[in-house]
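Asks: One structure, as structure tokens, below. Some questions next.
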Protein chains: 2
Amino acid sequence: MLKNDLLLKALRQEPVERPPVWMMRQAGRYLPDYIKLRNQYDFFTRVQTPELATAITLQPVDQVGVDAAILFSDILVIPQAMGVEVLMEEGKGPSLPKVIRTKKDIDALFTDHAKERLDYVMKALQLTKKELDGSVPLIGFAGAPWTIFCYMVEGKGSKTWSQAKSFAYNQPELTHSLLSKITDITIDYLIAQAGSGADVLQVFDSWAGALSPADFQLFAFPYLERIATAVAPHAPVILFPKGSWYAIEDLCRTAASGIGIDWCISPKDARKKAGVKTLQGNFDPAKLLAPIPMIREEVKKMIDGFGKQSYIANLGHGITPDVPVDHAKAFVEAVKEYRS
Amino acid sequence: MLKNDLLLKALRQEPVERPPVWMMRQAGRYLPDYIKLRNQYDFFTRVQTPELATAITLQPVDQVGVDAAILFSDILVIPQAMGVEVLMEEGKGPSLPKVIRTKKDIDALFTDHAKERLDYVMKALQLTKKELDGSVPLIGFAGAPWTIFCYMVEGKGSKTWSQAKSFAYNQPELTHSLLSKITDITIDYLIAQAGSGADVLQVFDSWAGALSPADFQLFAFPYLERIATAVAPHAPVILFPKGSWYAIEDLCRTAASGIGIDWCISPKDARKKAGVKTLQGNFDPAKLLAPIPMIREEVKKMIDGFGKQSYIANLGHGITPDVPVDHAKAFVEAVKEYRS
């Protein structure tokens with residue numbers, strides 16, 4: 001049914017002529033047409049209005065030529081659906097004025113009807129799916145429980161996440177109870193996304209890399225594993241715990257179809273750890289600021305390192321607002337022209 | 001001559017009864033006596049006044065019981081000595097108003113007489129050495145060329161260092177010329193520190209972990225290697241490129257006596273990569289916020305993982321201001337009580 005099913009083939013480890021390519025945050029701040037909408041509507045209006053979310057989602061497909069669309073949304077819609085206020089100040093990142101401190105705070109969270117409160121996401125997926133008309137697959141996503149927990153306890157971005165970790169070390173039972181609640185809601189949410197047209201589901205554990213390998217096993221991995229097991233029957237899952245290179249082998253044993261990695265591991269090392277499992281990544285987003293010939297050369301080296309099978313070309317983290325559009329295009333085109 | 005030479009023994013891979021212990025940023029913001037001086041004198045007054053720097057350096061030796069003193073100073077004294085203005089706003093991190101953009105900017109940097117301009121560091125080392133009276137070794141330090149380059153090009157701290165990287169990708173020749181200049185000055189500076197009483201010299205490559213393994217080999221490793229080779233005949237060197245777990249094997253082949261690691265690698269993995277080379281680290285600073293019994297238990301696990309020989313107990317990054325002093329003491333005491 002899909003005209004371009006490279007992404008799905010790569011996730012099923014089927015042979016492809018060249019790897020599929022998309023970019024994390026591809027629907028975003030480096031695109032002039034996105035900036036226009038940003039100047040007209042505030043962040044959560046863009047996220048919660050299906051027509052706007054769809055328009056933004058389609059921009060990079062039409063303008064940059066990626067092999068997949070990823071719904072324009074945010075990982076913090078989950079705390080919102082649990083009744084937690086989330087503020088998004090342009091250029092400053094999110095803040096959650098009322099942080100979790102006690103059992104009472106956790107008991108007060110909504111755990112039912114989250115799906116209904118996130119119905120705007122389902123509407124946006126359905127509309128996007130219709131607009132895409134089978135051209136490329138549509139990716140849905142959610143934040144991983146550890147990362148959502150970090151924001152709910154810390155209340156904002158952090159270099160060290162020391163408050164979130166302190167909570168985890170001092171109140172492990174409450175921590176696991178909150179992580180479990182987030183996990184349950186996230187599973188329902190991702191399955192609903194599959195039912196609304198998402199072909200692939202990615203789980204972003206953006207702050208997994210703040211954890212030691214032992215703490216990752218305690219606070220992050222079990223919840224990623226539970227999500228992968230529950231969601232995989234509905235759509236292929238990509239787990240992306242940024243920075244957790246040490247867990248690649250364990251992640252490959254989950255029900256996930258793909259594992260995302262950042263740029264702080266060489267393609268060859270990652271391939272060695274992952275075996276034939278599908279890997280996604282790992283171009284340094286800052287390298288999109290390099291001269292175009294260097295971008296093209298580095299893309300070739302990267303694919304050579306991973307091998308073109310069971311591999312999805314992508315960045316190692318979200319594209320930054322300072323990347324010129326023609327550099328983003330050069331990245332995508334270099335993957336498309338790859339021949340081994 | 002030293003009453004406590006555990007640190008030197010560990011760096012020479014000589015047998016010890018228990019590992020030495022110190023903490024990065026041990027002379028700093030978690031100590032009430034430091035806060036008093038901070039409220040009286042601004043940052044660079046504290047750094048540039050030998051009596052103040054010495055007093056601050058001695059505080060954790062007397063109050064927390066660490067096995068080494070590390071001079072209170074800053075890595076950005078090197079750009080200062082090159083003629084670059086550095087501002088330090090309490091709680092906000094450093095900023096360098098005039099960033100490096102062109103060859104002209106690099107040509108305008110002072111490269112001679114840096115040592116004379118850093119004479120206050122030598123005076124502080126001499127005074128501290130005298131005050132220590134042989135009780136514990138004294139550590140001197142410098143920032144690594146890549147990290148200093150990052151600040152000089154970016155002008156302030158950054159999550160992505162995309163301007164520094166963009167400069168490196170677009171102007172590789174200028175990049176290497178600036179990195180070389182920083183390296184030359186840093187070598188002179190570290191040798192002078194050894195001549196002024198520093199028993200050990202640590203090189204902090206705080207932003208090495210922002211680089212891919214391939215870029216680390218281009219922009220960070222060669223300069224770390226040059227420094228280790230040049231400085232090792234004068235005093236044992238510890239290289240700490242934070243986040244660069246992938247380079248442990250290469251770092252172990254340099255003339256450095258010790259390699260620092262952060263907490264994002266397990267002690268066993270690190271030991272496997274390093275063989276018998278001395279490792280330093282890797283307690284998560286946020287874990288100092290855990291209950292004291294957990295700190296003690298985790299210290300034991302950590303030393304068991306590294307083995308007590310050829311190992312220096314430390315944090316994986318600087319201690320944070322929110323750590324209670326008795327938790328820092330518990331960390332140090334747990335190492336001192338370690339018996340395998």
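The values are calculated or read from the model by the stated rules, or taken from the named source; none is laboratory data. What you see is a predicted model, and the numbers here were worked out from it, not measured in a lab. Here the Cβ is made from the backbone with ideal geometry for all residues, glycine too, and neighbour counts use every protein chain on show.
Asks: Output the number of the condition that A:Thr254 fails; it satisfies all remaining conditions of (1) β-branched (Val, Ile, Thr); (2) touching a Lys or Arg at 6+ places or on another chain (Cβ under 8 Å); (3) in a loop (DSSP other than H, G, I, E, B).
Replies: (2)
Asks: Still on this structure: Being closer than 30 Å to B:Gly318 by Cβ and either away from chain B (no Cβ under 14 Å) or modelled with pLDDT of 95 or more (or both), is that true of even one residue in the stretch A:195-202?
Replies: Looking for residues that are closer than 30 Å to B:Gly318 by Cβ and either away from chain B (no Cβ under 14 Å) or modelled with pLDDT of 95 or more (or both), one finds none in the stretch A:195-202, hence no.
Asks: Another one. Using the structure shown, decide if B:Gly195 is small (Gly, Ala, Ser), surrounded by fewer than 23 Cβ atoms within 10 Å (Cβ to Cβ) and within 15 Å of the chain's Cα centre (by Cα).
Replies: no
Asks: If you don't mind, there's one more thing I want to ask. Of the numbered conditions (1) away from chain B (no Cβ under 14 Å); (2) of a type outside the set (Val, Ile, Thr); (3) outside any loop (DSSP other than H, G, I, E, B); (4) touching a Gly at 6+ places or on another chain (Cβ under 9 Å), A:Gly209 fails exactly one; give the number of that condition.
Replies: Single failed check for A:Gly209: (1).
Asks: Further, regarding this structure: Here is a check on your reading of the model: is B:Glu249 assigned to a helix (DSSP H, G or I), under 18 Å from A:Ala210 (Cβ atoms), within 13 Å of chain A (Cβ to nearest Cβ) and not aliphatic (A, V, I, L, M)?
Replies: no
Every residue, every condition in (1) under 23 Å from the mean Cα position of the chain (by Cα); (2) touching a residue at least 24 places away in the same chain (Cβ under 8 Å); (3) on the phi < 0 side of the Ramachandran plot, yes or no:
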{"position": "B:Gly260", "(1), (2), (3)": "yes, yes, yes"}
{"position": "B:Gly275", "(1), (2), (3)": "yes, no, no"}
{"position": "B:Leu279", "(1), (2), (3)": "yes, yes, yes"}
{"position": "B:Leu288", "(1), (2), (3)": "yes, yes, yes"}
{"position": "B:Glu297", "(1), (2), (3)": "no, no, yes"}
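Asks: Let me ask you something else. Taking A:Lys329, is it away from chain B (no Cβ under 11 Å), modelled with pLDDT of 95 or more and over 20 Å from the mean Cα position of the chain (by Cα)?
Replies: In short, yes.
Asks: Please go through the stretch A:253-304 and give me each residue that is more than 27 Å from A:Asp322 (Cα to Cα), surrounded by fewer than 18 Cβ atoms within 10 Å (Cβ to Cβ) and within 14 Å of chain B (Cβ to nearest Cβ), ordered by number.
Replies: If the condition is that a residue be more than 27 Å from A:Asp322 (Cα to Cα), surrounded by fewer than 18 Cβ atoms within 10 Å (Cβ to Cβ) and within 14 Å of chain B (Cβ to nearest Cβ), then A:Lys268, A:Asp269, A:Lys272, A:Asp304 are the ones that fit.
A quick yes/no check of all residues on (1) out of contact with any helix residue (DSSP H, G or I) (no Cβ under 7 Å at 6 or more places or on another chain); (2) part of a strand (DSSP E or B):
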site	(1), (2)
B:Pro293	yes, no
B:Arg296	no, no
B:Met302	no, no
B:Gly305	no, no
B:Lys308	yes, no
B:Asn314	yes, yes
B:Ile319	no, no
B:His327	no, no
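Asks: Given the criterion assigned to a helix (DSSP H, G or I), farther than 20 Å from A:Phe306 by Cβ and without any contact (Cβ under 8 Å) to a residue 12 or more places away in the chain, identify the matching residue among A:Ala192, A:Ala214.
Replies: A:Ala214
Asks: Right, something else. Say whether the condition of being modelled with pLDDT of 95 or more, small (Gly, Ala, Ser) and closer than 23 Å to A:Glu17 by Cα is met by at least one residue in the stretch A:294-307.
Replies: Yes, some residue in the stretch A:294-307 is modelled with pLDDT of 95 or more, small (Gly, Ala, Ser) and closer than 23 Å to A:Glu17 by Cα.
Asks: Which residues, counting only those in the stretch B:217-246, are among the aromatic types (Phe, Trp, Tyr) and outside any helix (DSSP H, G or I)?
Replies: B:Phe240, the sole residue that qualifies.
Asks: Consider B:Met1 against the criteria (1) part of a loop (DSSP other than H, G, I, E, B); (2) without any contact (Cβ under 8 Å) to a residue 40 or more places away in the chain; (3) of a type outside the set (Val, Ile, Thr): it satisfies all of them except one. Which criterion is unmet?
Replies: (2)
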